[in-house]
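Down below is the structure, laid out as structure tokens.
The values are calculated or read from the model by the stated rules, or taken from the named source; none is laboratory data. Here the structure is a predicted model, which is why all the values come from computation and not from measurement. All Cβ positions, glycine included, derive from the backbone under ideal geometry; neighbour counts span all protein chains shown. These area figures cover heavy atoms from the full protein model, side chains too; ligands, DNA and RNA do not enter into them. Shrake-Rupley method; radii C 1.70, N 1.55, O 1.52, S 1.80 Å.
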Amino acid sequence: MGLQPLEFSDCYLDSPWFRERVRAHEAELEKTNKFIKELLKDGKNLIAATKNLSAAQRKFAHSLRDFKFEFIGDAETDDERYIDASLHEFSNFLKNLEEQREILALSVTETLIKPLERFRKEQLGAVKEEKKKFDKETEKNYSLLEKHLNLSAKKKELQLQEADNQVEQNRKHFYELSLEYVCKLQEIQERKKFECVEPVLSFFQGLFTFYHQGYELAKDFNHYKMALQINIQNTRNRFEGTRSEVEELMNKIRRNPQEHKRANHFTMEGYLYVQEKRPAPFGSSWVKHYCTYRKETKKFTMIPFEHRSGGKVGDEELFILTYCTKRNTDTIDRRFCFDLEASDRPGVPVTMQAFSEEDRKLWMEALDGKEALFISLNKANAKREGSAQLDKIGFTVIKKCISAVETRGINDQGLYRVVGVSSKVQRLLSLLMDAKTCNEVDLENSVDWEVKTITSAMKQYLRSLPEPLMTYELHGEFIVPAKSGSPESRVNAVHFLVHKLPEKNKEMLDILVKHLANVSKHAKRNLMTVANLGVVFGPTLMRPQEETVAAIMDLKFQNIVVEILIENHEKIFKTLPDATVPEPISMSVSPPNAPPRQSRRQGQRIKRPLAVYNLCLELDDGKIPGQSRPSMVSWMNTPSANPAVTNTAPSAFFFPNPATGSDRAVESIAHRKARAVYPCEAEHSSELSFQIGAIFEDVQFSREPGWLEGTLNGKRGLIPQNYVQFL
């Protein structure tokens, strides 16, 4: 389990556990700051002291190997896992590179030092300043509050009102600062992964240039470098989507905190001051406690907690409530008070003081008082419900929009990412959803409606359904396979869940995903790869019933589910799930009685069977010899050159000859067939999964020791050599 998400609603409760989570985030950022500081120091040593290059690189490698990113939530995407493992990969590479011991001239100031210094100063430095403000406002807020609560109720009404207004203004300012600080903390936690790793990746690119004997190592590292660049770009794209959702949720909570209180098992919770009586003549004292109450069990708990003493938590006290009565100011020289009586202490009331009259009313209502205040936690969801339905008109809207897009705009760059003018989108949507005017709207031939207006109207329709197309009920089940398992097991799980959807939902999803698959086939022109479409349609087709930061952190897994749907449309929607398919074999365990597979991750890096060109190189279709590499061009359109492009691994394996630019075969052998003698579950996207008896076509030896290349059911990939026999 990584760092717990910081919920914006908790800013208003400011509970002890919230403060503990904030401190955990602060500690992680401080660890990151120290790591970057150390990394910068090591990088400068490489520039300044080439004679000590070997020692400096070893220290740099140790720094990379020993650091590990923490993540928010309960799982990471594949891209994030690869990013997390990337520092260890870099460390291994440096250990191998140390053997060269060549005198090198390094130029890493622009590619490594400045970006990390800028991130440390502008991002981590900004968080430190926010922390100072937050700590200062915490002290100010609770000091002023305690001073305010000590005011005598006998003062003039005008004085009391002025004091109330002052406290309320200060409290609002504190909450505003708390919301912004929490948002900044979580933003930096997500941002640091690509902001820290990307400069290191750039440093490696420059390092290759100056090594006399580094060419072979650089060529071997190219595959991983390219894959990591894609991982970083995918993570960056998902971060942008997640950040906008988090900011939207923060603004909603800022406007109306009560509407977005998180549902939990407590009827009421918050801070109260508890009167602690002392023997005469010492009088009494008032101690702040965090209190919780459950109406169904009548259990009331109190935990003393003082923010100003470093967040010290006292011992918890629990009792069963028997009754609650309101205290008037004529019986006590404090406002907002009420008495509680416990079942084990009859006749000995405990006096509590709320923060305000409104706060007291909420407690009185929760404790079975007469002043009731009901807050619907579902108002936000109710506001979402529009007139859009999965009816005949709804299907007509989607089909008309899809037909127009495929006729007029299938090659438009940024299709579905470029948004239309809001007023035009609303006007088109109202015309389409009106049975009287729907058939009169001509989207395919009319110049009145731009393609971006049509795509925005279609997305708006899907978002305004009473519940998302993939339903609230199955939301969590769809997320689970995206967080773990092999590629094949994920597809099987999503396949099964799609067929659990209501028939109309499944029919609509089929129509939409078929269209998105067609859009992705034109990615060379429209730049909308499967990954980019996942970013756009993940939050459109899926969303949780309760809006929380934790739920938003799962947004990246929603994108992965949509990617699976697009890439496997024919299988998922045109075939029924296979009930005989067993549970997927764990990726870390070999099949029963199967021989061990050649490790591709341990020890010295071995050559990977995928060709990659320089990150900055782009080739036209005409420059690629042969017709057997349809996906190679997409690898040339790198994320660094075109942020809209993110791609998956190519399906054909070639090695470019650096001298001639021509391709050469992996091994000069005759192409043969082979039969699987053991089942195998893929551990990497470049490997094949298969069952006993599978027949492979066009089998060749791979450049990677212990592995073959072959084709199975139209897909080409790696096969463990000792799992098959040649025919």
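Considering only the range 715-723, I want to know if a residue exists there that is open to solvent by 20 Å² or more (accessible area, probe 1.4 Å), more than 19 Å from PRO487 (Cα to Cα), in contact with a Ser or Thr (Cβ under 9 Å, 6 or more places away or on another chain) and in a helix (DSSP H, G or I). Yes, some residue in the range 715-723 is open to solvent by 20 Å² or more (accessible area, probe 1.4 Å), more than 19 Å from PRO487 (Cα to Cα), in contact with a Ser or Thr (Cβ under 9 Å, 6 or more places away or on another chain) and in a helix (DSSP H, G or I).
Close contacts from the range 404-431, counting a first residue that is in contact (Cβ under 8 Å) with a residue 60 or more places away in the chain and closer than 17 Å to PHE537 by Cβ and a second that is crowded, with 18+ Cβ neighbours inside 10 Å and hydroxyl-bearing (Ser, Thr, Tyr), with Cβ to Cβ under 7 Å and a gap of 6+ residues or different chains, come to VAL405/THR455; LEU415/THR455; TYR416/THR455.
Taking the conditions (1) in contact (Cβ under 8 Å) with a residue 24 or more places away in the chain; (2) among the charged types (D, E, K, R); (3) open to solvent by less than 10 Å² (accessible area, probe 1.4 Å) in turn, LYS95 satisfies each one other than (3).
If the condition is being surrounded by fewer than 13 Cβ atoms within 10 Å (Cβ to Cβ) and assigned to a helix (DSSP H, G or I), then the range 407-431 contributes THR407, SER422, SER423, SER430. Assessment of the range 157-165 against the conditions (assigned to a helix (DSSP H, G or I) and touching a helix residue (DSSP H, G or I) at 6+ places or on another chain (Cβ under 7 Å)) yields at least one matching residue. Only residues that are part of a helix (DSSP H, G or I) and of a type outside the set (Val, Ile, Thr) were counted across the range 463-516, and they come to 29. Which of the residues spanning the range 106-134 are loosely packed, with under 13 Cβ neighbours inside 10 Å and acidic (Asp, Glu)? Of everything in the range 106-134, those that are loosely packed, with under 13 Cβ neighbours inside 10 Å and acidic (Asp, Glu) turn out to be GLU110, GLU122, GLU129.
If you go through the range 153-170 and keep only what is open to solvent by less than 30 Å² (accessible area, probe 1.4 Å) and modelled with pLDDT of 85 or more, you end up with LEU160, ALA163, VAL167, ASN170.
Restricting to the range 534-568, give me the number of residues that are outside any loop (DSSP other than H, G, I, E, B) and of a type in the set (Lys, Arg).
First, the residues of the range 534-568 that are outside any loop (DSSP other than H, G, I, E, B): 534-541, 549-552, 555-567.
If we keep only those that are of a type in the set (Lys, Arg) as well, we get 556.
Selection size over the range 534-568: 1.
Residue count for the range 315-334 satisfying the condition of being open to solvent by 70 Å² or more (accessible area, probe 1.4 Å) and aliphatic (A, V, I, L, M): 1.
Of all the listed residues (GLU440, GLU488, GLU450), the sole one being of a type outside the set (S, T, N, Q) and free of Cβ contacts under 8 Å to residues at least 12 places away in the same chain is GLU440.
Residue pairs whose Cβ atoms lie under 6 Å apart, sitting 6 or more positions apart in sequence or on different chains, and linking a residue in the range 222-234 that is modelled with pLDDT of 85 or more and buried (at least 21 other Cβ atoms within 10 Å of the Cβ) to a partner that is aromatic (Phe, Trp, Tyr) and part of a helix (DSSP H, G or I), are ILE232/PHE194. Of everything listed in (1) at pLDDT 90 or above; (2) over 20 Å from the mean Cα position of the chain (by Cα); (3) surrounded by 17 or more Cβ atoms within 10 Å (Cβ to Cβ), the single unmet condition for SER489 is (1).
Please verify whether VAL200 is assigned to a helix (DSSP H, G or I), under 26 Å from LYS252 (Cβ atoms) and not aromatic (Phe, Trp, Tyr), treating the condition exactly as stated. No: the conditions fail for VAL200.
Taking ALA388, is it under 30 Å from LYS521 (Cα atoms), among the small types (Gly, Ala, Ser), modelled with pLDDT under 90 and out of contact with any strand residue (DSSP E or B) (no Cβ under 9 Å at 6 or more places or on another chain)? Walk me through it before giving the result.
On the way: under 30 Å from LYS521 (Cα atoms): yes; among the small types (Gly, Ala, Ser): yes; modelled with pLDDT under 90: yes; out of contact with any strand residue (DSSP E or B) (no Cβ under 9 Å at 6 or more places or on another chain): yes.
Considered against the rule, which asks whether it is under 30 Å from LYS521 (Cα atoms), among the small types (Gly, Ala, Ser), modelled with pLDDT under 90 and out of contact with any strand residue (DSSP E or B) (no Cβ under 9 Å at 6 or more places or on another chain), ALA388 comes out as yes.
Checking each residue of the range 17-29 against the condition of being open to solvent by 10 Å² or more (accessible area, probe 1.4 Å) and within 15 Å of PHE203 (Cβ to Cβ) gives no match. Can you tell me which residues in the range 434-462 are part of a helix (DSSP H, G or I) and either open to solvent by 40 Å² or more (accessible area, probe 1.4 Å) or not aliphatic (A, V, I, L, M) (or both)? Within the range 434-462, CYS438, ASN439, GLU440, LYS452, THR453, THR455, SER456, LYS459, GLN460, TYR461 qualify.
Being open to solvent by less than 70 Å² (accessible area, probe 1.4 Å), part of a strand (DSSP E or B) and at pLDDT below 85, is that true of even one residue in the range 279-286?
Initially, the range 279-286 is screened for residues open to solvent by less than 70 Å² (accessible area, probe 1.4 Å), giving 283-286.
Next cut, part of a strand (DSSP E or B) only: 284-286.
This time we only want the ones that are at pLDDT below 85, so: 284-285.
Looking through the range 279-286, at least one residue is open to solvent by less than 70 Å² (accessible area, probe 1.4 Å), part of a strand (DSSP E or B) and at pLDDT below 85.
The condition of being open to solvent by 60 Å² or more (accessible area, probe 1.4 Å), modelled with pLDDT of 85 or more and either touching a helix residue (DSSP H, G or I) at 6+ places or on another chain (Cβ under 8 Å) or not basic (Lys, Arg) (or both) does not hold for GLU240.
Give the range 694-727 a look and list any residue that's within 27 Å of LYS219 (Cβ to Cβ), hydroxyl-bearing (Ser, Thr, Tyr) and modelled with pLDDT under 90, or say none. Result: SER702, single match.
Report yes if LEU53 is more than 28 Å from ALA126 (Cβ to Cβ), buried (at least 19 other Cβ atoms within 10 Å of the Cβ) and aliphatic (A, V, I, L, M), otherwise no.
Working: more than 28 Å from ALA126 (Cβ to Cβ): yes; buried (at least 19 other Cβ atoms within 10 Å of the Cβ): yes; aliphatic (A, V, I, L, M): yes.
It is true that LEU53 is more than 28 Å from ALA126 (Cβ to Cβ), buried (at least 19 other Cβ atoms within 10 Å of the Cβ) and aliphatic (A, V, I, L, M).
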